[in-house]
Structure formats: C-alpha cells, structure tokens
Amino acid sequence: MKDHGKHDFELIFVSFDKNENEFKEYTSEMPWPCLPFGNDTKDILGRKYEAEGIPHLVVVDENGEVITKDGVDGVRSDESGERYPWKPKSLSELWPEKILTKSGLVDSSTLDDKYLMLYFSAHWCPPCRSFTPVLSKAYTKLKAERDDFEIVFLSSDRDQASFDEYFEEMTFCALPYEEQEAKNGISKQIGIQGIPSLLILGPVPANGGERPLINKSLRGVIESGDFSDFPFHRKPYGALDQAGGDINDAKCLVVFHENGDDDEQKELIDVMKAVSEKCSDKTGMKFLWAMNPNGLAPQVRAAANLQKMSDDPTMIMLDLPDQGGYYVSKETDITIKNVMKFIEGPGDRQQL
C-alpha cells in the first residue's frame, strides 16, 4: 500500500510481548514505527480500542475517530488495500427491505418511526430457549401499553426448519432466515459477542441517518419485569444482576447487602444513586448494588475472595478493564461521604 502511494497513512505497532527480547526479535521484521517496549500507553490503547484479543488492527481518521476495529479482516480480505480504510457498512445499509411478521413479510420502512429492539438468539442455545418465553410475554405486555416499538429476532439457527420451529414460539417479528448475510453483518457492526443478546435502538431520525443505540444490554431489564423506564436509557447505576457487560467494560463500585431488610436496602440504593450524581464527571464509572443472594452476587464475592454474607454491607471497586484489578473497603457504614472517600482513596489494588 505504501509502495503504490494510494493512501496517506501510518501504521504503529503496539506490543503485547512478554519480554523485551521477544519485542526486539519481533519488531526487527517490521517496517513501521513501534511504541517502545513497556510503554504504559499500550494498556490505555488496549482498553480504548477494545483489544480483547490479538492480532487487533484499528483504523482511525486524522481526528482519532474510529473507522473500523476490524482491520485484521480488512487486510486478510483485501491485501492490496483497494477498499482501504475498510469502513464497515452502516446498519441502514445492512438492513434488508423486508421483515417477517406473524402475518407475513412487510416493508422494513414501516418500522422507521418506532423504537427497535434487536434479539440475537438461536434454538440450539439453552439460555436463549429459557429467555425467549420471558421476552415474548414482556413483548405482549408492553404492546398492550404502547405501540411505538418493535422487536426483531435475528437468528443464528443452523437451518430453516430450526428457525421456523423457534419463530413459532415467539410473539414478535424476525429477519427472514435467508437474510443470514445481513444478520452476520449487523451482528458484526453492533459488536454482538454472544447470545442471547437484546438491545434497543431509537427511531430513524426525522432528517434521516442512523438509528441511535440506546441500550446494548436489555436482558436484565426484561427479566426484572419492570418496563416503566421505557425506552430503557442506560444509567450509571443499577442492580448488579442487570449490569450486563458493564462490569467487564467499566470501573464499577459495588455494594453488597443481601441480608439487609427492605428499608436498609432502599437506603443503600438511594446512596448509590446520589453518589452517581456527584460523580457525573467520572466518565464511564458505574454504581451497582447487589441485594439478591443469588444471581451474580455470589460469583463476584467468590472471585474477589470476599467474606460470606453478613448483617453488614460490603463495598468493593471492580476495575476489570485494568487487567482484573479490584479494591475492597473496610467501611460498613455506607453513606455518601464514606463512599466518596473510598472512591478517592480505594487503598491497595488486588488482582482477580
């Protein structure tokens, strides 16, 4: 690409080598610039550009805005760089002209003025089969209250027969099974990493353009049965069981009080909401509570080597993006002041 002079670009290697000798040996084969070995910037870049595995090639424009995080596939499929910078298609470009309703095919444009929930699922997936009846009941309940939304199932089933059997159990719409290329493109464009996965997009803007992503993790909301906050804008606080990928993607302060009575738990929840407002400048930080003795609480307790449930609350700070770091507070009096103090000085870092 450089030799042909078709594109004005530069490539920078960010090393995840284990030692400097490996780094020197590897970079001796490279014609492009490299960050020095051991530079802390690699961790910042890794988190910013979601380098969850390697090789990982990100293309950014002159303003640092991401064009694609899937440069590896771009290079593999287009070694000459004819399609560089491999800008992925938008959702509107990928979306097919028709969707499948219980009455047959209809134009996708009939959904333009509605909120759109996308449900990625498959009949062969046990967690999907457990969640689908819950979602179908939620859809029916919510449709009785409002008609400004639709749910569309995007299938990962292995054949048409499996799709047909599974779709028969649903109360909502679907992409036709033959639109697998569109489904794969949409999954990739949105960044779906597992199923079942449920997200919500806003209506198509009045002046055209792309639907805005409102919330990428709706499964917990649906399972809670409380739909009063439709269209479910993401909040910086919430129950641990509804956090979805937040605990993996952001620094999270978590308060556990599974043995607390209703008043004690409500008081702690109010504290967490108030703290989240005070920390609105801490971009991306989440404030979670764990009041359910089941669900994710025992898993997080075990991973962080926390004591078993007691009559006192427990407060920790998870920083999984920082290579699995976490901090444990000795404070059991969970007030706004004490939570803020813990945030400002969490103490010794521990490792999951």
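The values are calculated or read from the model by the stated rules, or taken from the named source; none is laboratory data. As the structure is a computational prediction, the values presented were derived from the model and not from experiment. Positions of Cβ are generated from backbone atoms using ideal geometry, with glycine treated the same way; all protein chains shown enter the neighbour counts. Heavy atoms of the whole protein, side chains included, go into the accessibility calculation; ligands, DNA and RNA do not. Shrake-Rupley method; radii C 1.70, N 1.55, O 1.52, S 1.80 Å.
Before moving on, here are some points about what is shown:
- Extreme residue, modelled with the highest pLDDT, among residues of the stretch 10-50 that are among the aromatic types (F, W, Y) and within 30 Å of the chain's Cα centre (by Cα): F13
- Matching residues in the stretch 297-315 - criterion: being in contact with an Asp or Glu (Cβ under 9 Å, 6 or more places away or on another chain), assigned to a loop (DSSP other than H, G, I, E, B) and open to solvent by less than 30 Å² (accessible area, probe 1.4 Å): P313
- E181 passes every criterion in (1) open to solvent by less than 40 Å² (accessible area, probe 1.4 Å); (2) more than 30 Å from G295 (Cα to Cα) apart from (1).
- Here the stretch 16-44 is the region considered, the condition is being assigned to a loop (DSSP other than H, G, I, E, B) and either in contact with a Pro (Cβ under 9 Å, 6 or more places away or on another chain) or among the charged types (D, E, K, R) (or both), and the residue that is least open to solvent (accessible area, probe 1.4 Å) is D17.
- Meets criteria (under 30 Å from N207 (Cβ atoms), open to solvent by 10 Å² or more (accessible area, probe 1.4 Å) and among the β-branched types (V, I, T)) for T110: yes
- Close pairs (7 angstrom Cβ cut-off, 6 or more residues apart or separate chains): on the phi < 0 side of the Ramachandran plot in the stretch 132-149, at pLDDT 95 or above and among the small types (G, A, S) anywhere: T132/S121
- The set of residues in the stretch 113-135 being open to solvent by 10 Å² or more (accessible area, probe 1.4 Å) and assigned to a helix (DSSP H, G or I) consists of P126, P127, R129, S130, P133, V134.
- Residue within the stretch 192-214 that is surrounded by fewer than 17 Cβ atoms within 10 Å (Cβ to Cβ), closer than 20 Å to F131 by Cβ and either touching a Cys at 6+ places or on another chain (Cβ under 7 Å) or of a type outside the set (V, I, T) (or both) present: yes
- Filter result (within 28 Å of G202 (Cβ to Cβ) and buried (at least 17 other Cβ atoms within 10 Å of the Cβ)) within the stretch 71-90: W86
- Picking from residues in the stretch 316-344 that are among the acidic types (D, E) and in a loop (DSSP other than H, G, I, E, B), the one that is modelled with the lowest pLDDT is D322.
- Checking L105 against (1) part of a helix (DSSP H, G or I); (2) surrounded by fewer than 19 Cβ atoms within 10 Å (Cβ to Cβ), the condition it does not meet: (1)
- Single match in Q351, Q265 (criterion: over 23 Å from G46 (Cβ atoms) and either open to solvent by 40 Å² or more (accessible area, probe 1.4 Å) or in contact (Cβ under 8 Å) with a residue 12 or more places away in the chain (or both)): Q265
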